[in-house]
Amino acid sequence: MSWRYVAVNYSQLWSHIELSGHKGALRRALEWAKRAGQTPLDIVIRYKSDDDCDSLVGWLSTSSHGIKSMVIIYLGTQPKSIRLLQCIPSLRLDRLGAIQILGIQDVYLDYEWVAEILHKCPTLSSMSLAGVEGLHTGSCEALRGRTNHLTHLSISARSGIDYAFPLRVDAIVDMLTCCPGLLSLECHALGDPEDQDPPTAYLPSLRSLLIGDGPDTCQLLSYLNTPQLHTLCLSHGKVLNQNEEEVEIPVMDHDRRDYPELFIYSLGCLYDICSPPIKKIIWERCIVDVNILNGCAPFLPELETLDIFGQEGISLDFLDSSSVNGTHSLFPSLRKVVLTNCTVNPQWLDSVRPLLENRPDDPQRTLPHVVVRNWC
């Protein structure tokens, strides 16, 4: 038996398919789908213009019943409502579990499209919408009763370093009131709420929440009721450029000025609403210092793990082993601190050396275990 025979007949090798409007790519994708047989398909579509729509929809209509996940990357140069998305709900997508829409330029979507795709795809549990606009218009009533199977939702207005159409916080809150089954939620680049008193979104099962890109996004915390929230992540992340390369989003001056106060205030509002038992908090390329930790400490009484990624000039004085003990600390339940890709003051590192040597599994220890990775 030859290696070629084994490869051709091993269906999992052919189940990841990349599509574009090019005829050669479509022919190759058709052959891969045949070799995949009954294996669920993971599809990535690179969409440049509506000229490609008919050929792509034609291919998808023959294989849609086997698609498990779908990523649509819009590579056009102008913001628009693209035809392909309007055709997706008409396909037979019985096995679709995850869909991701990524606009390098802004893509227009509204609540009705989201509601229709959820209605047509009863197995859809994960939805990611990045580089979108339009969710701030219309009514979210179309979503009610159609989101029970949705457990992960990611929404971002950002299609590049700059974005002209931020999604308002209150519009996203309205949407979340229709998504009570969420286990994880990610929101990036939201704008100031127009309605300063939107209804609180009750998310009884939410365990993980990521707030990213811009201080205004922090205000979302003020309008959530998440009694089971376990992990909170504050992220200043990356976006794709026109060449589909990841580039870091710069931290702007207004981020540095507004973020600390807005975050502490919003976290306090969340705590007043439901006192969530947050065990882990992650700062990813966000501003964090002792003042921020002092401000948010009253709202994190059960915090056990603190992760900080990519922070410049990190010096967490409250972790100085000469001044901290198990009964006097900002976070009395803190068990572990992880610093990754941080610029660490060597003198401070010496001061916490006993914490670096702590055994994380030692039940007798009163000080947190500290892990420092790739420090400079």
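The values are calculated or read from the model by the stated rules, or taken from the named source; none is laboratory data. Treat the numbers as computed from the prediction; the structure is a model and nothing was measured. Neighbour counts run over all protein chains shown; Cβ positions are idealised from the backbone, glycine included. All accessible areas refer to the heavy atoms of the entire protein, side chains included, with ligands and DNA or RNA removed. Shrake-Rupley method; radii C 1.70, N 1.55, O 1.52, S 1.80 Å.
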Scan around Ser128 for amide H atoms under 5 Å from its own, H built in the peptide plane at 1.01 Å from N, and keep only partners 5 or more places away or cross-chain.
Ile99, Gln100, Ile101, Ser154
Calculate the length of the line joining the C-alpha centroid of the stretch 48-108 to that of the stretch 195-210, in whole Å.
29
For Ile282, Ile67, write out the residues from largest to smallest accessible area, computed with a 1.4 angstrom probe and no ligands counted.
Ile282, Ile67
If I ignore ligands, DNA and RNA and count only protein heavy atoms, how much of Ser205 is accessible to a 1.4 Å probe, in Å² to the nearest 10?
50
Report Rg (one decimal) and Dmax (nearest whole number) for the stretch 80-150, counting Cα atoms only, units Å.
11.6, 31
Neighbourhood net charge (14 Å Cβ-Cβ; Lys/Arg +1, Asp/Glu -1) for Leu19
0
From the phi angles alone, apply the Karplus equation (6.51, -1.76, 1.60; θ = phi - 60°) to the stretch 139-147 and give each ³J(HN,Hα) in whole Hz, x where the residue is Gly or Pro.
10, 8, 4, 4, 7, 4, x, 10, 10
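Say the cut-off is 20 Å between C-alpha atoms; which of Lys68/Lys280; Lys34/Lys68; Lys280/Lys336; Lys68/Lys120 go over it? Show your work: numbers first, answer last.
Numbers: Lys68/Lys280 31 Å; Lys34/Lys68 15 Å; Lys280/Lys336 9 Å; Lys68/Lys120 14 Å.
Result: Lys68/Lys280 exceed 20 Å.
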For the stretch 333-350, Karplus couplings with θ = phi - 60° (6.51, -1.76, 1.60), whole Hz, Gly/Pro x:
9, 5, 10, 8, 10, 10, 10, 10, 6, 9, 8, 10, 5, x, 5, 5, 4, 4
